Amino acid sequence: MARKSQELRISQTQSLMSEYEFAGFTDDRSYRFMNDMTARLIQGKGISKGQRKYLDDLIDQGVPTPKNEERVNEILAAANVDGMQQVAQTLKDFAYKLGKGWNLSDKQEKFLANLLTKSESLKVVGRFRPSDAVVVDLENAVKICSTKNNWYWQHRPGTAKSYDKVRMWLDWNSRHKVSEELKDKGIDVGVPKGTPGCFVGEEPIIDQWVCDKLLKAVKNPLSEMKNPKFPMGAMAWTRVYADRPNGEPRVVLISGFPKILKGEVTYPCLVEGEVLEIPTGSLRKRRC
């Protein structure tokens, strides 16, 4: 029998590793062995006669048939459903354990059942994406939260995680919109990852709970954005100007709709021919 070349052994090992990965066997000792041997061979390092024989035996045997094969295949299929990316590795871990004939605890079985139910739902309705109206609210929520200090986040870990996830998704959504606009104009944006330019990347996972959590944290300013305390054309009073004698209040005219600036709701105000943004906390409906 002719001796196998190093290039062929590397190619066959990598192909078998891909099959192990597809079968959810990345935690298997054989997979780790193949990974180590491939790294050594690619680096030009030698492997012993025994290691070569064991590696070639694995290649000849192929992927081992898992126990509980039907259930394992169901779990692996759920891991590949769009929207399950965040829990895909957990599902693969469960599949591996069941494929080895091991039992799951009652708690793990209940968690697995919930994940499988979620995957079935995603197959029907697709992954969650906020509506355009909610996206506007989320963008304002991120603007408000971007000015919060570390003390604020340390005491709100759930909101902090929601903020990070929403911010990442909005960043992706912004790039995606630009990409679609460029495509409509016939401009190709398919550049490799890491290359400067408009690279969209994989869509981060976001869900209803995350959005609701963040919006609830800033519900008061968001409510004011939709129902302004000071409608356009109304008169208001403010003391934000130090040049008034004895700190007397100054009357201003609300000249537009509120917006978020530096984490606060502000109103465009006409002050002696000049439009200035004044925070809502510095405006009063009556002379102050």
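Efficiency by 1/(1 + (r/R0)^6): what FRET value for residue 136 and residue 22, r their Cβ-Cβ distance, R0 = 35 Å, to the nearest 0.05? Calculated transfer efficiency: 0.30. Summing Lys and Arg as +1 and Asp and Glu as -1 over all other residues whose Cβ lies under 13 Å from the Cβ of residue 92 gives a net charge of -3. Other residues whose C-beta falls under 12 angstrom from the C-beta of residue 175 contribute a net charge of -4, scoring Lys and Arg +1 and Asp and Glu -1.
Directionally averaged projected area (segment 6-61, Cα convex hull): 3.5 nm².
Each peptide in 41-54, 267-280 was scored by the mean count of other Cβ atoms within 10 Å over its residues; highest first, the order is 267-280, 41-54. Placing +1 on the Cβ of every Lys and Arg and -1 on the Cβ of every Asp and Glu, with nothing else charged, gives the chain a dipole about its Cα centre of roughly 920 debye. For residue 165, the aspartates and glutamates whose Cα comes closer than 19 Å to its Cα, not counting residues fewer than 8 places off in the same chain, are 82, 132, 137, 139, 202, 203, 207, 212. Only alpha carbons enter this Debye calculation for segment 69-125, each as an equal point scatterer, and the log10 of I(q)/I(0) it gives at q = 0.18, 0.24, 0.29 Å⁻¹ is -0.53, -0.93, -1.27.
Spacing of the modelled spin labels on residue 147 and residue 270, each 7 Å from Cα toward Cβ, amounts to 2.6 nm. Only the Cβ atoms of Lys and Arg (+1) and of Asp and Glu (-1) were treated as charged; on that basis the dipole of segment 77-187 about its Cα centre amounts to roughly 280 debye.
Across the alpha-carbon atoms of the chain, the computed radius of gyration and Dmax are 29.2, 102 angstrom. Cross-link pairs exceeding 27 Å between alpha carbons, from the set 110/213; 259/285; 110/219: 110/219.
The helix-based estimate of mean residue ellipticity at 222 nm for the chain, built from -39,500 (n - 2.57) per DSSP H run of four or more residues and divided by its residue count, is -17000 deg cm²/dmol to the nearest 500.
Relative to the longest principal axis of the Cα atoms of the chain, the long axis of helix 132-145 makes an angle of roughly 80 degrees.
Per residue, the average separation of C-alpha pairs within less than 8 Å and at least 6 apart gives the chain a relative contact order of 12 percent. Ordering 115, 81, 23 by Cα displacement along the dipole of the chain toward the positive end leaves 115 in first place; charges were set at the Cβ atoms of Lys, Arg (+1) and Asp, Glu (-1). Straightening the chain between residue 286 and residue 237 buys 17.0 nm, computed as 0.36 nm per residue apart minus the Cα-Cα spacing.
A straight chain from residue 172 to residue 45 at 0.36 nm per residue would run longer than the Cα-Cα distance by 41.5 nm.
No lab work stands behind these numbers, since they all come straight from the coordinates. Remember, it's a predicted structure, so these values are computed and weren't measured experimentally. Glycine also receives a Cβ, built like all others from the backbone with ideal geometry; neighbour counts cover every protein chain displayed.
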